Amino acid sequence: MLASILSSAVWGIEAYPVEVEVDIQQGLPAWTIVGLPDPVVKESKERIRSAIKNCSYKFPSERITINLAPASRKKEGSAFDLPIAIGLLVANGHIKGSHINKYLFLGELSLDGSVKRVRGVLPIALLAKELDVKGIIIPIENVAEAAIVPAIEVIGARHLTEVVEFLNGLKDLPKISLEPKEVFNSSEVDDVDFQEIKGQTHAKRALEIAAAGGHNVLMVGPPGTGKTMLARRLPTILPPLSFEEALETTRIYSVAGLLPPGHSLIARRPFRAPHHTISDAGLIGGGQIPRPGEVTLAHNGVLFLDELPEFKRHVLEVLRQPLEDGEVTISRAGASMTYPARFLLVAAMNPCPCGYLGDSRHQCTCSYAQIRRYRAKISGPLLDRIDLHIEVPSVDCKELKQIPEGETSAEIRKRVIAARNIQLRRFHNLGIYCNAQMGVKMIDEFCQLDQEGQRLLDTAMERLGLSARAYMRILKIARTIADLEGEKKILPQHIAEAIQYRSLDREIS
């Protein structure tokens, strides 16, 4: 007897339908799975056999052939356990329901028949809506992320017997539904705030500019000056995620298996801080079937690289494509995938190997050659993609004793949102959304200076020995500063402030 069950698999962060065909024929007992299954799918034979027997159903003793169509795509993961088991029970006569083809099935089976959590359910739920099926039957632990998709029934199952009885009309399973906007608006409040940072007024101002214009940032300062603390609070002043951005971010985390149990949406901007020992595959993504890396997990959020010179040079070099294009393409012999990777890069480093160059409290022990060699670990092309260089000096003891009186993240975020709205109106038909993404032509159009401002910039270029790339970065930063102040024109004071944020050009270029 032949049975056909609808399931799905994920390719990148997109889902595609998989038809699980089960055929039972007379012959010697044998079990074959075709359709490019990976080892995990092949191992499902023993899990499914034990689950069916332990649920007191008869397991077929004939020849079993299972096809996962389309056969041209490699199938991986344990999510096909449930649809294969349902197909076997249909073919064997244990399930006689007429509405099996109205549902999409997904789930891993344990040996006792329990239905266990799988990853990638959100993009599959979105696919089910496109396919116009009645609903999806998935593990109970996955219902929160699937229920965010409207117009489909989301049915959670704890055990194989529950699914069989539901399909035979003997039992009702609860249908879970959520109101997407309500879930999105009830997101958790940030647990950190800019007001907690004592001192570092200059650095906080620079991060506000970075958030307002989408500029990448490099913080330079001795150990213990608050660079990590500043970076962790940057997401709190970025504009809130839109619902579409939250859905896209959640889809990535669902595919990666990192969505916390019971969570429907990731409504706060991600903050990723990989250790400097990370490999290029861990940062950019990789594997035989490429998985998303840290740059994709930071999509719509912040990627923080602490101790930047300690990262392997070839690892840092792979950042060029995502910083430039907002996406990353990973090619392997068996597959090539493109993942979104539009993030705000925040990096931190010491000014020298010992960390105390320019520190009034400690004596630097590094030679000039050591300092040059240390900073040369960051290549010019990567530095070229970082707009702001912030000096983060040591905080005076008197400032540490004071009660924080600075602005809260909410107050700073209001100014950031206002500046971003100005940029959205400016670039509404140009395919970009912030000042950091401007090309040369756009800089010429939107960053025009008056005579005094041009004279100030020319003087800085000559006296400080700034490079051509610094010239373009200063114009973009000045444009953002003007937007924060609601000015249509870039004024000389905006240029003067922007010049302060290119310190590394003066020191190592």
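The values are calculated or read from the model by the stated rules, or taken from the named source; none is laboratory data. What you see is a predicted model, and the numbers here were worked out from it, not measured in a lab. Because the Cβ atoms are built from the backbone with ideal geometry, glycine has one as well, and the counts that use them run over all protein chains shown. Heads up: the accessible areas ignore ligands, DNA and RNA and are worked out on the full protein's heavy atoms, side chains in. Shrake-Rupley method; radii C 1.70, N 1.55, O 1.52, S 1.80 Å.
Please compute one quarter of the surface area of the Cα convex hull for region 84-211 and express it in square nanometres.
11.7 nm²
Any idea which of Ala348, Ile378, Tyr368 is furthest toward the positive side of the dipole for the chain, if Lys and Arg beta-carbons carry +1 and Asp and Glu beta-carbons -1?
The Cα lying farthest towards the positive end belongs to Tyr368.
What is the helix-to-structure angle for 468-484, meaning the angle in degrees between its Cα long axis and the longest Cα principal axis of the chain, kept from 0 to 90 and rounded to the nearest 10?
Once rounded, one gets 80 degrees.
Would you mind calculating the relative contact order of region 1-60 from Cα pairs under 8 angstrom and at least 6 residues apart, reporting the percent as a whole number?
23 percent
How are the alpha carbon pair distances in region 359-436 distributed across 5 Å bins from zero to the largest one, expressed in percent?
The percentages, shortest bin first, are 3, 10, 9, 12, 15, 13, 13, 14, 8, 3, 1.
State the percent of C-alpha pairs, over all pairs in region 303-361, separated by a distance greater than 16 angstrom. All intermediate terms of the calculation are to be shown ahead of the outcome.
On the way: 1004 of 1711 pairs.
In whole percent, the share of Cα-Cα pairs in region 303-361 beyond 16 Å is 59.
Taking Cα extents along the principal axes in Å straight from the coordinates, which label in [x] 89, 49, 45; [y] 76, 57, 41; [z] 84, 47, 46 is the correct one?
[x]
If you stretched the chain out fully between Ser61 and Leu170, how much longer would it get, using 0.36 nm times the residue separation minus the C-alpha to C-alpha distance? Walk me through the numbers on the way to the answer.
Numbers: separation 109, 0.36 × 109 = 39.24 nm, distance 2.66 nm.
Using 0.36 nm per residue and subtracting the Cα-Cα distance, I get 36.6 nm.
Return a whole-number percent for the relative contact order of the chain, with Cα pairs under 8 Å and 6 or more residues apart as the contact set.
Dividing the mean separation by the residue count of the chain yields 13 percent.
What does the extension gain come out to for Gln402 and Glu19, with contour length at 0.36 nm per residue minus their alpha carbon separation?
131.4 nm
For region 356-509, compute Rg over Rh where Rg is the Cα radius of gyration and Rh is the Kirkwood radius from the inverse mean 1/r over Cα pairs.
Result: Rg/Rh = 1.02.
Two decimals is fine: what is log10 I(q)/I(0) at q = 0.09, 0.18 Å⁻¹ for region 131-285, from a Debye sum with one equal scatterer on every Cα and no solvent?
Taking Cα atoms of region 131-285 as identical point scatterers yields -0.46, -1.15.
Mind checking which aspartates and glutamates have their C-alpha under 19 Å from Lys489, skipping anything on the same chain fewer than 8 residues away?
The reachable aspartates and glutamates, counting only those whose Cα sits under 19 Å from Lys489, are Asp444, Glu445, Asp450, Glu452, Asp458, Glu497.
Take Asp483, Asp280, Asp444 and sort them by solvent-accessible surface of the protein heavy atoms, 1.4 Å probe, largest at the top.
Highest to lowest solvent-accessible surface, that is Asp444, Asp280, Asp483.
What whole-number distance in Å separates the alpha-carbon centres of region 372-392 and region 1-47?
Result: 51 Å between the Cα centres.
If you take the alpha carbon radius of gyration of region 1-146 and divide it by 2.2 N^0.38 Å, what ratio comes out, to two decimals?
Numbers: Rg = 14.2 Å, N = 146, 2.2 N^0.38 = 14.6 Å.
So the Cα radius of gyration is 0.97 times the expected 2.2 N^0.38 Å.
Given a 1.4 Å probe and heavy atoms of the protein chains only, how would you sort Cys354, Cys434, largest accessible area at the top?
Listed by decreasing accessible area, they come as Cys354, Cys434.
Counting DSSP beta bridges with both partners in the chain, what percentage is antiparallel, nearest 5?
Counting DSSP beta bridges with both partners in the chain, the antiparallel share is about 50 percent.
Counting trypsin sites (Lys or Arg not before Pro) as exposed when in a DSSP loop with at most 12 other beta carbons within 10 Å, what is the longest stretch of the chain free of them?
172-331
Which of the pairs Lys45/Lys312; Lys96/Lys181; Lys45/Lys129; Lys45/Lys171; Lys377/Lys414 have their Cα atoms more than 32 Å apart in this structure?
Lys45/Lys312; Lys96/Lys181; Lys377/Lys414
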